[in-house]
1. Name the one entry in Asp194, Asp172, Asp232, Asp200 that is in contact with a helix residue (DSSP H, G or I) (Cβ under 8 Å, 6 or more places away or on another chain), assigned by TED's automatic domain parsing to the domain that holds Ala133, at pLDDT below 75 and within 22 Å of Glu131 (Cβ to Cβ).
2. Taking Glu136 as the residue in question, decide whether it is at pLDDT 95 or above, farther than 21 Å from Glu105 by Cα and assigned by TED's automatic domain parsing to the domain that holds Ile104.
3. Out of curiosity, is Leu214 of a type outside the set (Val, Ile, Thr), buried (at least 18 other Cβ atoms within 10 Å of the Cβ), assigned to a helix (DSSP H, G or I) and at pLDDT 80 or above?
4. Could you name every one of the helices (runs of 4 or more DSSP H) located completely within the stretch 10-95 that has at least 3 residues being modelled with pLDDT under 85?
5. In the stretch 120-144, which residue that is among the basic types (Lys, Arg) and touching a residue at least 12 places away in the same chain (Cβ under 8 Å) is nearest to Leu214 (Cα to Cα)?
6. Within the stretch 106-124, is there a residue that is among the charged types (D, E, K, R), surrounded by 15 or more Cβ atoms within 10 Å (Cβ to Cβ) and at pLDDT 90 or above?
7. Could you give every pair whose Cβ atoms fall below 7 Å, whose first residue belongs to the stretch 145-163 and is in the same structural domain as His221 (by TED's automatic domain parsing), and whose second residue is among the acidic types (Asp, Glu), counting only separations of at least 6 or pairs across chains?
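The values are calculated or read from the model by the stated rules, or taken from the named source; none is laboratory data. Owing to the predicted nature of the structure, the values given are computational and were not obtained by experimental measurement. Cβ coordinates were reconstructed from backbone atoms using ideal geometry, including for glycine residues, and neighbour counts include every protein chain displayed.
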Amino acid sequence: MMKKNGLEPIAKEPLKKALMKQLTRYIWNDLEDGDKLPTEKELSDQLQVGRSSIREALRSIEAMGLLEVHRGSGYYVTKKAGNLIRGPIELVLSHDTQPLFEIIEARTIFESALVDKIIQRITDEEIREAEAAVQELKENVDNPEKALAADHLFHKILYESVHNTVIYHIHDLVSQIIKNIPGSYLQSRDYTQDTYYFHDKMLTALKNRDRDGLYEAINEHNTWIYKVFKLDTAEDAAD
């Protein structure tokens, strides 16, 4: 069958994955910000899949921030700066099984490379916000959910301090993946206590604007994360 608007019938691979790939590629390559997507029926006919599958894929792409729904009108493309960064990366990470080691290694390389910029650009106010996040973590070592939220907030403050949208969005995606990895140890007091130790060490380096100290603390923290997840995964598999 001939292609139309860059779309063609879906090949025999996992349906949602194939739909997401082709529709996202269509949005990037053939549509502009503000363009209206074909209707669900038109997409269903052209791609030769059910409308429910089309609807599910469009909702996933909407959640990625690449589409907006106008009630009574349909889906429209929204190519905002943050979405242009997050969309392709989120698509890869959500459909390809990445070894945990590679994700943590990428985070380690990424964070280590940013140390100089963080030390140069972080403001005194942002350091105070980071200190408050570490204090929140300390006060909630017996509450893993709140402790992990404080952990995430600390890193959010750290990377927002660089004042670079690309850097922030890439880091946020990787952090969300690590944050959502299940594991029994992640819900324990031992984990939150250790997490506090590493974040307090990073905070001390920030307050002293100690480039080498921050570099060491970040690498020590990420090495520990990898060991924790590796051990926790092995224990869960044994159970």
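1. Values: Asp194 fails: at pLDDT below 75; Asp232 fails: within 22 Å of Glu131 (Cβ to Cβ); Asp200 fails: at pLDDT below 75.
Criteria check complete, one pass: Asp172.
2. Working: at pLDDT 95 or above: yes; farther than 21 Å from Glu105 by Cα: yes; assigned by TED's automatic domain parsing to the domain that holds Ile104: yes.
Answer is yes for this residue.
3. Working: of a type outside the set (Val, Ile, Thr): yes; buried (at least 18 other Cβ atoms within 10 Å of the Cβ): yes; assigned to a helix (DSSP H, G or I): yes; at pLDDT 80 or above: yes.
Criteria met by Leu214.
4. Values: elements: 15-30, 40-47, 51-63, 81-95.
The qualifying helices (runs of 4 or more DSSP H) are 15-30, 51-63, 81-95.
5. Taking the stretch 120-144 first, the residues among the basic types (Lys, Arg) are 121, 128, 138.
Add one more test, that the residue is touching a residue at least 12 places away in the same chain (Cβ under 8 Å), and what stays is 121, 138.
Numbers: Arg121: 14, Lys138: 19 Å.
Here the answer is Arg121.
6. At the first step, the residues of the stretch 106-124 found to be among the charged types (D, E, K, R) are 107, 111, 116-117, 121, 124.
Next cut, surrounded by 15 or more Cβ atoms within 10 Å (Cβ to Cβ) only: 107, 111, 117.
With the extra rule that they be at pLDDT 90 or above, the set shrinks to 117.
Yes: the stretch 106-124 contains one or more residues that are among the charged types (D, E, K, R), surrounded by 15 or more Cβ atoms within 10 Å (Cβ to Cβ) and at pLDDT 90 or above.
7. These pairs meet every condition: Ala150/Glu136; Ile157/Glu126; Ile157/Glu129; Ser161/Glu126.
Matching residues to (1) surrounded by fewer than 17 Cβ atoms within 10 Å (Cβ to Cβ); (2) assigned to a helix (DSSP H, G or I):
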position: Arg128; (1), (2): yes, yes
position: Ala133; (1), (2): no, yes
position: Asp142; (1), (2): yes, no
position: Ala147; (1), (2): no, yes
position: Leu153; (1), (2): no, yes
position: Lys156; (1), (2): no, yes
position: Ile167; (1), (2): no, yes
position: Ile170; (1), (2): no, yes
position: Val174; (1), (2): no, yes
